[in-house]
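The values are calculated or read from the model by the stated rules, or taken from the named source; none is laboratory data. Because the structure is predicted, anything quoted here is derived from the model rather than measured. Because the Cβ atoms are built from the backbone with ideal geometry, glycine has one as well, and the counts that use them run over all protein chains shown.
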Amino acid sequence: MLSITEREFYQLAGFIHEHYGIRLKKEKKTLVLGRLGNTITRQGFQNFSEYYQHLQSDKTGKAVFELLDKITTNHTFFMREPQHFAFLKEEVLPWLEKSVADKDLRIWSAGCSKGQEPYTLAMILNDYFGLKIDQWNTDILATDISSAALKSAVQGDYSAEEVQGLPKYWLKKYFLKQQEEKYVVKEALKQQVVFRNFNLMNVSFPFKKKFHVIFCRNVMIYFDTETKKQLIKKFYHQLQPGGYLFIGHSETLGNDKCGFHYIRPATYRRG
């Protein structure tokens, strides 16, 4: 039966932290073994050391993508932390409608998992602008490091249980009920979300224009203090002056907010 030594665990954990910012503490050793054991055995590796060497030598990126799909949780749901969405609709969008002269809204869902967050944002934008939405560019950028999560997000298939918290008129307007237990996001809404694989640990962010709103919720809980600090600085430089950053309610920017002003729980604004 496959096992993982402490040296192998810290070697793999160090690789994941260095390249993707995710901090795996020693109590995650059993989780790593459980999530990767079958994959390693199936691929013919005798131990984690052989698997680690394969990760480093694989030039296709396939091995790393599979690793991330196994390690990352990708747990989310529609209308998670609904206070954020209410504040967006009641406070942020009216401000943007008045202040964005070129009608090009820039919204980024960073760590979008299986798509619930960006699709929720798209539905809110449609509700807010109504018939005027065609006058605006409301495309939402949605990124994640998990290729499996992104594939699921692009498909936009959700169970009845996953969508049960949504307003009934949203289900009717934005989803197709394919069978009793399955709802699929309508094509028109899908076209408002651009899904991309992206690593938040990249040294530079290649975006041509700055964002008005960034959602990065329940992602930084996996990072250590220094990694979070560096990411917050990157977000600051990627936001327009006055732009909003939404993080998870279990997260904080810490004492050094890197130029952000606290607005309300888990909501900050660039100065």
Please determine whether any residue of the range 5-12 is closer than 21 Å to G61 by Cα, among the polar types (S, T, N, Q) and either assigned to a helix (DSSP H, G or I) or outside the structural domain of G111 (by TED's automatic domain parsing) (or both). yes
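Can you find, within the range 173-193, the residue that is nearest to the chain's Cα centre (by Cα) among those that are within 18 Å of L125 (Cβ to Cβ) and either hydroxyl-bearing (S, T, Y) or loosely packed, with under 14 Cβ neighbours inside 10 Å (or both)?
Checked the range 173-193; the qualifying residue nearest to the chain's Cα centre (by Cα) is Q191.
Residue-by-condition table, conditions (1) free of Cβ contacts under 8 Å to residues at least 40 places away in the same chain; (2) within 29 Å of K70 (Cβ to Cβ):
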residue	(1), (2)
E117	no, yes
M123	no, no
W136	yes, no
A149	no, yes
Given the conditions (1) in contact with a Pro (Cβ under 7 Å, 6 or more places away or on another chain); (2) at pLDDT below 95; (3) not small (G, A, S), which single one is not true for R270? (2)
Subset tally (residues that are closer than 15 Å to L189 by Cα and among the acidic types (D, E)) for the range 142-164: 1
Quick test of your reading of the structure: T227 fulfils all but one of (1) more than 15 Å from S204 (Cα to Cα); (2) modelled with pLDDT under 95. Name the failing condition by number. (1)
Of the residues I247, I214, which single one is in contact with a Phe, Trp or Tyr (Cβ under 7 Å, 6 or more places away or on another chain) and touching a residue at least 12 places away in the same chain (Cβ under 8 Å)? I214
Of all helices (runs of 4 or more DSSP H) fully inside the range 41-122, the set with 1 or more residues that are at pLDDT below 95 and within 30 Å of M1 (Cβ to Cβ) is 48-57, 62-71
For E251, state whether it is out of contact with any Gly (no Cβ under 8 Å at 6 or more places or on another chain), under 17 Å from I22 (Cα atoms) and crowded, with 16+ Cβ neighbours inside 10 Å. yes
crowded, with 17+ Cβ neighbours inside 10 Å and out of contact with any Leu (no Cβ under 7 Å at 6 or more places or on another chain): is that true of G111 in this structure? yes
How about the range 16-53: which of its residues are hydrophobic (A, V, I, L, M, F, W, C) and either under 15 Å from Y222 (Cβ atoms) or touching a residue at least 60 places away in the same chain (Cβ under 8 Å) (or both)? I16, I22, L24, L31, V32
Specify the residue that is modelled with the lowest pLDDT; the eligible residues are those in the range 200-221 that are aliphatic (A, V, I, L, M) and over 14 Å from S109 (Cα atoms). I221
